[in-house]
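*Asks:* Before I ask anything, here is the structure I am working with.
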Amino acid sequence: MDLHIKTRLSKALADTSITVTELSKTLEINRSTLNKFLNGERVLGLEELLKVLDFLIPIYSERYNLLKAISLEYKTIQPLKTMLEIARLNRDPSFEKEIISIIRKASKQKDREWADFYEIFSNYREGKVDGEQFYSEVISFKTQSEELQAYRQYTIAFYYLVIEMNPVKAKLQLEKCKDAIFNLPETLLKKCFKYKWYDQMGTLVMKVGTPTEETLEEARNYFKKALEHSILDFTNYLTRYNIGTTYQYNQPMKFYEILNDALEFIKKHGITIPHEGFYRSVFLPLCLVQAEEYDRVEINSLHILPKALYYSQKGKIEELQNLIENADKEVSENSFIQYCLGSVKKDIPLLLKSFVQCIEEYDLLTARYPMNELLSMGFTQDMLESIIQLKFNQGRLQMFH
């Protein structure tokens, strides 16, 4: 073990003011094994290593960097395969490539296949292949590994959702690959796969069909199951955020509390996430405005989306129109902006435009805003689905059945 790592772990243990014996009992790890690890004489199994780092290192970013450094000492392939998935979950392509290069040197073909398969993902992410070629390579990929066969099936669902943007086919594929994942031997890698399966199912439940209280509760339950299988603080954050989105429409303050807690969590742990600034400047104040907590926001400094909602809720048509006229075209044509204007003006064409835009983007949570406004104006659910039938082909219509 690197001297720097050994020194850091020794200091972390001293900071806890507990003995190695007490730590071994707390984490249920053999004392002799744990002591040898802390002295740099051996490496723990990955599951035990995660336990020790979780207990000793409070800041996630440092914990993850130590995990990466220590995991490179593994001489067997199974923990490295799991580290491939951990790198993917942490959105760490450089470390993923490092692991791929190690696994490629494995003696067994069924182990080297993991490097080949993950490289397909890397090539797509880097733009070396397009979506069609990515799909073709995944479909034609042959493997001797049951774990990799299961992950290949999951990856097909990923393609349908992210690249083809067909949530119906993605959901069917996820249901199809459930047994392949759930019947794998109990390993840390299987736990990672189950986390992704539950998390993706929760997302798809909210994208296939108009969200109702029943479907939102179903999605929430999937996300909670995902949380049970999460092995990383980073994925804990992502899943807590997803749970929050299920409250977005009917309980905005519940969404606000969950999102705010999640953002404070990543700030505390030094985690970097995409669009963090957008969550803070748009989603949080949007929740407050939706809940009519106007005294908790500075209206003049609001982002255009929460400001548009504020003007809409307050019936300030002129201010809203001026806001939209001064925005660039992409923003002024935003489906939520169209909803705000349609709502305050009771303008059916604008509300329909917003509704259809949301459906085109599979943003069914936002679709509830114009949908419910239209229902309050005399439309029925059947009428709205008929409009969608005129707009889209049969393949996309299935999302409403």
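Every number here is computed from the coordinates shown, using simple stated rules; none is lab data. Being a predicted model, the structure only gives us computed values, none of them experimental. Every residue, glycine among them, receives a Cβ derived from its backbone with ideal geometry; neighbour counts consider all protein chains shown.
*Asks:* Quick check for me: using +1 on Lys/Arg Cβ and -1 on Asp/Glu Cβ, what's the dipole size of the chain about its Cα centre, in debye to the nearest 20?
*Replies:* 1180
*Asks:* Rg and Dmax of the chain, using alpha carbons, in Å: what are they?
*Replies:* So, for the chain, Rg and Dmax equal 24.4, 74 Å respectively.
*Asks:* Please enumerate, by chain and number, the lysines with C-alpha under 17 Å from the C-alpha of K314, excluding those fewer than 8 residues away in the same chain.
*Replies:* K345, K346
*Asks:* Does anyone have the angle between helix 93-103 and the longest principal axis of the chain? Alpha-carbon axes, 0 to 90°, nearest 10?
*Replies:* For helix 93-103, the angle is close to 40 degrees.
*Asks:* Also: Between N65 and V162, with labels modelled 7 Å along Cα→Cβ, what's the label distance in nm to one decimal, could you check?
*Replies:* Result: 2.6 nm between the two label points.
*Asks:* Right, here's the next one. Return one number: the angle in degrees, 0 to 90 and rounded to the nearest 10, between the long axis of the Cα atoms of helix 304-313 and the longest principal axis of the Cα atoms of the chain.
*Replies:* 40
*Asks:* Turning to a different aspect of this structure: Take Q133 and S301, extend 7 Å from each Cα along the Cα→Cβ direction, and tell me the distance between the two endpoints in nm.
*Replies:* 4.8
*Asks:* For the range 190-317, give the magnitude of the charge dipole about the Cα centre (Cβ charges: +1 Lys/Arg, -1 Asp/Glu; no others), in debye to the nearest 20.
*Replies:* Roughly 400 debye, rounded to the nearest 20.
*Asks:* Suppose we keep just the alpha-carbon trace of the range 1-136; what are its Rg and Dmax in angstrom?
*Replies:* Reported Rg and Dmax, both Å: 17.3, 56.
*Asks:* Further question on the same structure: Around A291, which amide H atoms from residues at least 5 apart in sequence, or from another chain, sit under 5 Å from its own amide H, with H modelled in the peptide plane?
*Replies:* none
*Asks:* What is the extension gain from F141 to K11, computed as 0.36 nm multiplied by their sequence separation minus the C-alpha to C-alpha distance, in nm to one decimal?
*Replies:* 42.1 nm
*Asks:* So, one more: Over the Cα atoms of the range 298-400, each weighted equally, I'd like the Debye log10 I(q)/I(0) at q = 0.10, 0.13 Å⁻¹, rounded to two decimals.
*Replies:* Each listed q maps to, in turn, -0.28, -0.47.
*Asks:* Could you give the C-alpha radius of gyration of the range 178-276 expressed as a fraction of 2.2 N^0.38 Å, taking N as the number of residues it contains?
*Replies:* Its radius of gyration relative to the 2.2 N^0.38 Å reference: 1.13.
*Asks:* So if I place +1 on the C-beta of Lys and Arg and -1 on the C-beta of Asp and Glu, and nothing else carries charge, what would the dipole magnitude of the range 1-73 be about its Cα centre? I want it in debye, nearest 20.
*Replies:* 120
*Asks:* So, one more: Let a ≥ b ≥ c be the square roots of the eigenvalues of the Cα gyration tensor of the range 127-204; is it rounded (a/c under 1.5), or, if not, prolate (a/b larger than b/c) or oblate?
*Replies:* It comes out oblate by the Cα gyration axes.
*Asks:* For a protection proxy built on the mean count of beta-carbon atoms within 10 angstrom, sort 341-352, 270-281 highest first, please.
*Replies:* Going by the mean number of other Cβ atoms within 10 Å, highest first, we get 341-352, 270-281.
*Asks:* Could I ask something else about it? Would you mind checking K51/K169; K11/K224; K128/K178; K110/K169; K224/K254; K128/K268 for any pair whose Cα atoms are more than 26 angstrom apart?
*Replies:* K51/K169; K11/K224; K128/K178; K110/K169; K128/K268
*Asks:* Of C340, Q78, T246, whose Cα points farthest to the positive end of the dipole of the chain (charges on the beta-carbon: +1 Lys, Arg; -1 Asp, Glu; origin at the Cα centre)?
*Replies:* Towards the positive end, the residue furthest out is Q78.
*Asks:* While we're here: Compute the helix-to-body angle for 252-268: its Cα long axis versus the longest principal axis of the chain, expressed 0 to 90° and rounded to tens.
*Replies:* Computed tilt is about 30 degrees.
*Asks:* May I ask you to order 12-22, 282-292, 28-38 by the average number of other C-beta atoms within 10 Å around their residues, highest value first?
*Replies:* Ranked from most to least packed, the peptides come out as 282-292, 28-38, 12-22.
*Asks:* Go ahead and estimate [θ] at 222 nm for the chain from helices alone: -39,500 (n - 2.57) per DSSP H run with n ≥ 4, summed, over the residue count, rounded to 500.
*Replies:* So the calculated ellipticity at 222 nm is -21500 deg cm²/dmol.
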